[in-house]
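Worksheet: the structure to be examined is printed underneath.
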Amino acid sequence: MKTIHVALILLVGLLTTSTNCQNDNEVTTTVHSDRIKINYDFENLRLFLNSTVTETKSRIDWKWDHMNSRNGSPDTTSIEYFETRAQPYFKFDDQVTLPALSIVTDKNKIIEFYAATIFTLAKHDKETIIAVIDSLNSYDLLNQTEVQQAILETSRYYRETENFEEELRLDLAEEEYEYSRMSYEIKIKK
């Protein structure tokens with residue numbers, strides 16, 4: 001009788017633990033289901049829309065962007081702008097440039113991310129553009145064949161869902177000594 005009693009206690013304990021773990025997983029999924037992966041150097045930056053900068057595992061030192069801010073000091077209760085230039089250099093065709101990253105927060109949650117890399121191109125032919133695409137490792141979307149194809153055909157990849165808009169764009173210089181730019185933007189839909 002004592003064995004049956006102990007077995008029942010253990011069975012109830014296992015069922016309770018299993019149910020509690022299942023509920024914890026559901027809560028975790030619900031809490032984080034609105035986070036949207038930012039497809040720029042994700043392995044290093046670990047950035048998501050709808051998360052705070054402090055929730056990320058990245059080591060980015062975001063600086064308050066006072067030039068774009070509407071406030072006299074950093075504000076965690078409304079819209080705010082941050083930037084960083086502490087990124088690895090981009091090298092192509094004996095040129096070195098520094099990618100610029102910026103975020104917009106609303107009540108301390110990231111609602112928009114923007115990255116831009118500038119460079120000069122001697123030619124605008126397909127082979128040169130493919131070489132640039134192959135060199136832009138930080139732009140995670142460029143690892144997808146359909147995105148590469150869109151950039152080669154129209155210089156733009158755009159995706160829209162019910163929650164966000166995402167765009168990768170290649171702007172080629174119109175004149176010989178002007179800069180070309182690869183830019184990536186993702187933002188919460190309003």
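The values are calculated or read from the model by the stated rules, or taken from the named source; none is laboratory data. Just so it is clear, the structure is predicted and the values come from calculations on it, not from any experiment. Cβ atoms come from the backbone with ideal geometry, glycine included; neighbour counts cover every protein chain shown. The accessibility values were calculated without ligands, DNA or RNA, using every heavy atom of the protein model including side chains. Shrake-Rupley method; radii C 1.70, N 1.55, O 1.52, S 1.80 Å.
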| request: Select from Val132, Phe90, Tyr177 the residue farthest towards the positive end of the dipole of the range 56-190; place +1 on Cβ of Lys and Arg, -1 on Cβ of Asp and Glu, and compute about the Cα centre. | output: Phe90
| query | Hey, what's the per residue convex hull volume over the C-alpha atoms of the range 71-119, in cubic angstrom? | reply | 77 Å³
| How do Arg70, Arg156 stack up against each other in accessible area, from largest to smallest, with a 1.4 angstrom probe? | Arg70, Arg156
| request: With the Cα gyration tensor of the range 43-84 in hand, convert its eigenvalues to equivalent ellipsoid semi-axes via √(5λ) and list them largest first in whole Å. | output: 21, 12, 7
| Hey, any idea what % of the range 49-189's accessible area is carbon plus sulfur with a 1.4 Å probe? | 45 percent
| message | I'd like to check one number: the per residue accessible area of the range 62-118, probe 1.4 Å, reported in Å² as a whole number. | response | 58 Å²
| query | When the Karplus curve 6.51 cos²θ - 1.76 cosθ + 1.60 is applied with θ = phi - 60°, which whole-Hz ³J(HN,Hα) does each residue of the range 102-109 get, with x for Gly and Pro? | reply | 8, 9, 10, 10, 10, 6, 6, 9
| said: Could you give the length gained by full extension between Asp65 and Ile130, i.e. 0.36 nm per residue of separation minus their alpha carbon distance, to one decimal place? | reply: 20.0 nm
| query | Do any chymotrypsin sites (Phe, Trp or Tyr not before Pro) in the range 42-96 lie in a loop, going by DSSP, with at most 13 other beta-carbon atoms within 10 Å of their beta carbon, and if so which? | reply | Tyr89
| Per residue, how much accessible area does the range 121-190 have with a 1.4 Å probe, in Å²? | 63 Å²
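Over all distinct alpha-carbon pairs, what is the Kirkwood Rh of the range 125-174 in angstrom?
11.5 Å
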| What order do Glu162, Glu146, Glu112, Glu178 take when sorted by accessible area (1.4 Å probe), most exposed first? | Glu162, Glu146, Glu178, Glu112
| request: Please work out how much accessible surface Asp75 shows to a 1.4 Å probe, ignoring ligands, DNA and RNA, in Å² rounded to 10. | output: 40 Å²
| request: Sort all Cα-Cα distances of the range 65-187 into consecutive 5 angstrom bins from zero, then give the percent of pairs in each bin up to the one containing the longest distance. | output: 2, 10, 19, 20, 18, 14, 10, 6, 3, 0
| request: Enter the Cα centre distance for the pair the range 31-95 and the range 146-190, rounded to the nearest angstrom. | output: 19 Å
| Gain in span if fully extended, Arg85 to Lys57, counting 0.36 nm per residue against the direct Cα distance | 8.3 nm
